[in-house]
1. Only one of Val147, Val160 is closer than 26 Å to Val13 by Cβ, out of contact with any Cys (no Cβ under 9 Å at 6 or more places or on another chain) and part of a helix (DSSP H, G or I); which?
2. Name the helices (runs of 4 or more DSSP H) wholly within the stretch 11-118 that hold at least 2 residues that are more than 18 Å from Asp148 (Cα to Cα), open to solvent by less than 70 Å² (accessible area, probe 1.4 Å) and among the charged types (D, E, K, R)?
3. Please enumerate the residues belonging to the stretch 148-171 that are modelled with pLDDT of 80 or more and open to solvent by less than 50 Å² (accessible area, probe 1.4 Å).
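The values are calculated or read from the model by the stated rules, or taken from the named source; none is laboratory data. Remember, predicted model here, so these are calculated numbers, not experimental data. Cβ placement follows ideal geometry from the backbone for every residue including glycine, while neighbour counts extend to all protein chains displayed. The protein model used for the area step is the full one, side chains on, heavy atoms only, and it has no ligands, DNA or RNA in it. Shrake-Rupley method; radii C 1.70, N 1.55, O 1.52, S 1.80 Å.
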Amino acid sequence: SRPRWLVTLALGVMGGGVGMVLGGDELVVALAAAAAMLVDLLQRRMRRRRLPAFYQQVPGGLLATLIAVAVAATPAEVSPSLVISSSIVMLLAGVNFLGAIQDALTGFPLTASARILEAFMATAGVVAGVSGGLKVADVAGVDLGPVDPGAYSPGSTPVVAVGGALSPPAHPLSLHAPP
C-alpha cells in the first residue's frame, strides 16, 4: 500500500502529463495537475462517507470545470476547453470498462454487464458535473467561448513526449499497482 499523498501526487503528475499531451501551455499543465489532486482529495472525502461512484464523479467533473471557469474569468489567456479536457481525464471510466471487457471475454457475462453499467454511470456523472460547471459559467456571465470536449492543440514534440512519458506510469502508481 502506498501513502495517500503519493497517490494524490501521482494523479497530479498524470493530469499535468495529459495537459502536455493535449498541447497545453504551462498554465494548462499546472491547472490540470492541481485539478487532478483537488478532485482526488474531494473524492477521497466522499468515499469515506460511502457515497456511490456516480455521486463522486459529479462533483469531480464540476470542480474541474469550475477551475476552468475561474481562470476564464481572469485576464489569463487560456483555453477553457483544454483545461476541462485535461482535468477530467482521471475521472474517465477506462479501468471499469476494461474490467467489463475482461469479464465478458473470460465467460462472466453477468459481472461484465454490471461493470459496463458502472462505467456508463461514472461517465454520466462526469458529464453531469461538467454540464453543471458550464451552467455556473453561464449564470455567472463568464464567457468560455465555444467549449470543445475533445480539445487539443498541437504542442511541440518534446513537450508532448515528456507528457506521454509521465502519464502512463503515474496512473498505475495511483491505482496501487505493484511494481
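1. Being closer than 26 Å to Val13 by Cβ, out of contact with any Cys (no Cβ under 9 Å at 6 or more places or on another chain) and part of a helix (DSSP H, G or I) holds for just one of Val147, Val160, which is Val160.
2. Numbers: elements: 26-48, 53-72, 80-88, 94-105.
Here the list reads 26-48.
3. Val160, Gly163, Gly164, Ser167, Ala170
Rundown of residues vs (1) open to solvent by 60 Å² or more (accessible area, probe 1.4 Å); (2) among the aliphatic types (A, V, I, L, M); (3) within 26 Å of Met20 (Cβ to Cβ), yes/no style:
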{"position": "Ala122", "(1), (2), (3)": "no, yes, yes"}
{"position": "Val126", "(1), (2), (3)": "no, yes, yes"}
{"position": "Lys135", "(1), (2), (3)": "yes, no, no"}
{"position": "Ala140", "(1), (2), (3)": "yes, yes, no"}
{"position": "His176", "(1), (2), (3)": "yes, no, yes"}
